[in-house]
Every structure is written in C-alpha cells, then in structure tokens.
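What follows is a short report on a single structure.
The values are calculated or read from the model by the stated rules, or taken from the named source; none is laboratory data. Quick caveat: nothing in here was measured; it's all calculated off a predicted structure. Cβ atoms come from the backbone with ideal geometry, glycine included; neighbour counts cover every protein chain shown. Side chains included, ligands, DNA and RNA excluded: accessible areas come from the protein's heavy atoms. Shrake-Rupley method; radii C 1.70, N 1.55, O 1.52, S 1.80 Å.
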Amino acid sequence: MADGTKDTNSSNQMWGGRFASGPDAIMEEINASIGFDKKLFDQDIRGSIAHATMLAEKGIISSDDREKIVTGLETIRIEIESGNFEFSRQLEDIHMNIEARLANLIGPAAGRLHTARSRNDQVAVDFRLWVKEELIKTERALTGLIEAFLDRAEEHAATVMPGFTHLQTAQPVTFGHHCMAYVEMFGRDRNRVRHAIEHLDESPLGAAALAGTGYPIDRHQTARALGFREPTRNSIDSVSDRDFALEFLSTASICATHLSRLAEEIVIWSTPQFGFIRLSDAFSTGSSIMPQKKNPDAAELVRAKTGRINGSLIALLTVMKGLPLAYSKDMQEDKEQVFDAAESLELAIAAMTGMVRDLTVRTDRMKDAAGSGYSTATDLADWLVREAGLPFRDAHHVTGRVVALAESKGCELAELPLDELKAIHADITNAVYGVLTVEASVASRKSFGGTAPAEVKKQIAWWRGRN
C-alpha cells in the first residue's frame, strides 16, 4: 500500500485459494507423498522388520530394541489395516508416518531403526517389493486369460471364419486358430512379466543415501528375508534406479496394446453388420434413448485403458530422462504412474478374461462370412500350381481371371461351371471343386502353426502342457 503497510489480502490472493497461507502451504502440497505412497505400508513394515532383525543379529542394536521395534511395527500394521491409523501430511510420506507412530508407541528404541539406512534405499526397497508382487499378480491373471482362450480354441478348433488382412476378407481360418493367436500374444506378455521379475529381484536395502554405510551390515541377509535373489551391487545405482518401474510400465503397455486389439475385434464382431459374437448382459450396457442397443462398453473401456497405461510409461520415462546420479526428488513422481497403470491393467485383464469366457460365438454367421470375398482364391491358385504345373505367378493371373468372372456373374467360385473355368485354362478339371470350399481350405493348411483343425489341436495341447 502507499503508506508502506502490508496488504494481507493482496498477499493471500497472490498465492491463490488453496495456498492462502503462503509459500509454506505450497511446499507442503508439492512435497507430500503420503496421499499415494501409503499404499506401500506393508512393504515398508516388512523392510523395517528385516532391517531391524539384521541390525540386532550383527550387534548394531540390542535384541531388546529389536523386539520393541518389531512389536511396534506389527501394531502399526494392524492399525493401518483396520483403518485406525491417522496419516499426517506434515510427515510427508509413509516412512516418516510409520517412524513417528513407532516413536509414540515404543519411545527411544524407534530412533535406532534408521541406523545404517536412508529414506533413499528405504523407498527403493519398498517400491521394488510392491512392483514385484504386482508382477506376480499380473502373471497369474495372464495365465487365467490364456486358459480362457485355450478353452474357446478347443471348443472351436474346426469353426470356420474369415481371416482378415487390412480388415478385408483374406483366407478362411478357424476361430480356434484365431483364439490361439491371442494365446501367443498373451504368452509373450507373460514371459515379459517373468523376465521383469527376474531383472528386479535384487534388494537395494543397505545402500543408504548413495554411498553405502560404515556399519557392519549384512545385505545378503536382508535380501533373503525380503524374498530377493540377492542384494544390488552398486549403492549409487541402487537408490537412483527406476528401471524396474519402467520395465513394469513397458510390459504393461505392450500387454494393454494386445488387450486393446482384442477389444477392438470384440467391438467389431458384436455389431449387427458382423454378428460374429454376442456379449452377455454382464459386459454390455443399453442406451438411454434407443431400446434396441446393446453396447460393448466393457471392451471399449479396456481399449481406452491402453491410452492411460501408455501415458504412464511416457510420463515416467520423461521424469527419469534428465536426472543426474544419484537420487533426486523427481523420483517421487514414479509411484502414482505405476499404481495407476497396475490398477488399470489388472482391471482390463479381468474384464477381458470374463468377456472371452462369457461371449457367445455365432458359428453360422462366421461360416457364412468365411466364404465371402472369394476367400478360397488362393486355394485355387495353389491347386493350379500343384495339379496343373503352373508357376505361381501364372496361377495367380489365371485365378484373377476366374475371380473376375465370378464377380461378373455374381456367384461364388465353386458355383462357376467347369466349362467356363476350362475356357480360362484348359487344365482345370472337376477336381478343383474339392478345394473351393472353406472347410477344404482350412483343412489343407497343415503346415506347422497353420489353421487346420488338427494343427490347432496340436498347438492347444502344447500350450496346455506349458501353461
């Protein structure tokens, strides 16, 4: 103001409504992570118990202090699980919230728990444990989805349908073969999950702030106690690495992409124009004004989750791309992305597993469509090569003329009279009609991994033995 006195209202307006108390409120808002990292309470308590036990066994703290610490931590676990724990934003994160409550419960002994560790290695081990456990859950969920596809593939090993390229009818295949394509895709996803577990299976606990510690700790003991294969081998990398989170998000993004492709097919196949499948009411919704509508909302939402999961991967890659070693506070932004992606992926896999098991396959519509678009034209070309001795390019040209004739007459290839076929190429015989049906077409594709029902059943048996 003109007289030099402070205008409190103007000062408050500068900070805005939520931050009316000034810079301290802003710092608390941007610094606190307890709103989301409280999800790590179980991992934090387990890590602290393993650490305290090791400290006691190495003579760094007393056995009596260790007993008090463990008893207090178990009490805190019960309080949190029962909803009776009061989280404080002023204490910033899950680690300080638990430590403060532990001090209230057991007194000075609580202060000895943090000996030979830092919040840097503490959060790293907590987060690794959480991601490892989530990956194990994802592996189980993918196994369930694969089993659902194996069941449908076995049921429909001989059910003919059109195979597509460019979403145009290409060649007849079986629905069982199509299902097995997704078994392969989700099988690769499961392998990526297993590799991610293997890659992160090292404990950073004991790396301390970034340089290790001068206390005679046993990092192999704490690694074993927490279920890790071994401890990490470089203390700087231990606290600055978030590859395990990035690999989780990368694996989740690829898996979500596969789920989205499947969701797109379900959306298309359930339209009246295709009518290949019917979704049950459990995975559909109606329209608010159009009573005839049955919308594949579950599939559409699975498709949409992919963008959300991909966004989480890009966000964390961007956070990490410019960070010097070792730890920086930027890394606090890692958890919300992973937590959100994990929740989205878990829900998407569960929804898709339910849809695959629950959908009704309309075999009649699939069969009718399997022969459309002259889908057995390639079989005709192959017959000309095999039986008439034509080079494939010549057979391809002859087949093109046959297709053009059928189009002009508005009929299927198998409906063309033999004399008209012989007019195009004299070596065509009555035997050609044996390859122009969709059933004959799929039965002939006996190459390893092909769509012939017998081959599909072999692949199902192989996967059942592996799954």
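The table below lists the values:
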read-out	value
Hits in region 104-127 (condition: charged (D, E, K, R), out of contact with any Asp or Glu (no Cβ under 6 Å at 6 or more places or on another chain) and open to solvent by 10 Å² or more (accessible area, probe 1.4 Å))	117, 119
Residue within region 363-376 that is open to solvent by less than 70 Å² (accessible area, probe 1.4 Å), modelled with pLDDT under 85 and on the phi > 0 side of the Ramachandran plot present	yes
Output for region 438-467, where each listed residue is within 20 Å of residue 368 (Cα to Cα) and of a type in the set (A, V, I, L, M, F, W, C)	438, 440, 442, 443, 452
Subset of region 177-208 [of a type in the set (Gly, Ala, Ser) and out of contact with any Asp or Glu (no Cβ under 7 Å at 6 or more places or on another chain)]	181, 187, 203
Any hit, region 388-409, residues being assigned to a loop (DSSP other than H, G, I, E, B) and of a type in the set (D, E, K, R)	no
Top-ranked residue in region 227-241 [being under 26 Å from the mean Cα position of the chain (by Cα) and surrounded by fewer than 20 Cβ atoms within 10 Å (Cβ to Cβ); ranked as farthest from residue 323 (Cα to Cα)]	227
Matching residues in region 415-446 - criterion: being assigned to a helix (DSSP H, G or I) and exposed (fewer than 12 other Cβ atoms within 10 Å of the Cβ)	415, 419, 430, 431
Answer from 465, 449 - the residue that is within 30 Å of residue 142 (Cβ to Cβ), without any contact (Cβ under 8 Å) to a residue 24 or more places away in the chain, open to solvent by less than 80 Å² (accessible area, probe 1.4 Å) and in a loop (DSSP other than H, G, I, E, B)	449
Which listed residue, of 357, 393, is modelled with pLDDT of 85 or more, of a type in the set (D, E, K, R) and farther than 30 Å from residue 268 by Cβ	393
Breaking point among (1) within 23 Å of residue 231 (Cβ to Cβ); (2) open to solvent by 10 Å² or more (accessible area, probe 1.4 Å); (3) within 33 Å of the chain's Cα centre (by Cα), for residue 83	(1)
Scan of region 86-103 for residues that are touching an Asp or Glu at 6+ places or on another chain (Cβ under 7 Å), open to solvent by less than 30 Å² (accessible area, probe 1.4 Å) and within 16 Å of residue 332 (Cβ to Cβ), ordered by number	93, 94, 95
Residues located in region 416-450, provided they are touching a helix residue (DSSP H, G or I) at 6+ places or on another chain (Cβ under 8 Å), farther than 25 Å from residue 175 by Cβ and among the charged types (D, E, K, R)	420, 427
Conditions (1) in contact (Cβ under 8 Å) with a residue 12 or more places away in the chain; (2) among the basic types (Lys, Arg); (3) more than 26 Å from residue 185 (Cα to Cα); number of the one not met by residue 357	(3)
Test: residue in region 61-68 that is modelled with pLDDT of 95 or more, open to solvent by 30 Å² or more (accessible area, probe 1.4 Å) and among the polar types (S, T, N, Q)	yes
Qualifying positions in region 369-387 - in contact (Cβ under 8 Å) with a residue 24 or more places away in the chain, under 47 Å from the mean Cα position of the chain (by Cα) and assigned to a helix (DSSP H, G or I)	369, 370, 372, 373, 374, 377, 378, 379, 380, 382, 383, 384
Yes/no for residue 245 being open to solvent by 10 Å² or more (accessible area, probe 1.4 Å), in contact with a helix residue (DSSP H, G or I) (Cβ under 7 Å, 6 or more places away or on another chain) and either assigned to a loop (DSSP other than H, G, I, E, B) or of a type in the set (A, V, I, L, M, F, W, C) (or both)	no
Any hit, region 209-218, residues being modelled with pLDDT of 95 or more, in contact with an Asp or Glu (Cβ under 6 Å, 6 or more places away or on another chain), more than 22 Å from residue 184 (Cα to Cα) and buried (at least 16 other Cβ atoms within 10 Å of the Cβ)	no
The one condition in (1) farther than 30 Å from residue 251 by Cβ; (2) in contact with a Leu (Cβ under 6 Å, 6 or more places away or on another chain) that residue 362 fails to fulfil	(2)
Every residue from region 321-360 that is over 19 Å from residue 134 (Cβ atoms), open to solvent by 30 Å² or more (accessible area, probe 1.4 Å) and assigned to a helix (DSSP H, G or I)	329, 330, 357, 358
Test set (1) without any contact (Cβ under 8 Å) to a residue 24 or more places away in the chain; (2) assigned to a helix (DSSP H, G or I); (3) aromatic (Phe, Trp, Tyr) - residue 164 fails condition number	(2)
Subset of region 190-208 (residues that are open to solvent by less than 50 Å² (accessible area, probe 1.4 Å) and not hydrophobic (A, V, I, L, M, F, W, C))	190, 191, 201, 202, 203, 204, 206
